[in-house]
Amino acid sequence: MEDDTGAGAPQAIWINWAERILSFHRVDGYERLEFSTSQEKLDYVFQMASGGFRIQ
């Protein structure tokens, strides 16, 4: 299994649009979204959580 947490690794989250769930870990069936920086990723997560997405 790939580990996306190493230095230089793309910053990714996985999203299930139908169930409105965000995950910091790969989940089969979820769409992978990549970000260039950790800050960009967290900004997106906070924006989506404010809009009703759950985080797992």
Test: Ile13 is of a type in the set (A, V, I, L, M, F, W, C), modelled with pLDDT of 95 or more, open to solvent by less than 40 Å² (accessible area, probe 1.4 Å) and out of contact with any Leu (no Cβ under 8 Å at 6 or more places or on another chain) = no
Top-ranked residue of the stretch 26-43 - restricted to ones that are touching a residue at least 12 places away in the same chain (Cβ under 8 Å) and part of a loop (DSSP other than H, G, I, E, B), ranked as most open to solvent (accessible area, probe 1.4 Å) | Arg26
Assess whether Gly52 counts as being at positive phi and open to solvent by 60 Å² or more (accessible area, probe 1.4 Å).
-> no
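The values are calculated or read from the model by the stated rules, or taken from the named source; none is laboratory data. Given the structure is predicted, the values throughout are model-derived calculations rather than measurements. We place every Cβ from the backbone using ideal geometry, glycine too, and count neighbours over all the protein chains shown. Quick note on the areas: whole protein, heavy atoms, side chains included, nothing else; ligands and nucleic acids left out. Shrake-Rupley method; radii C 1.70, N 1.55, O 1.52, S 1.80 Å.
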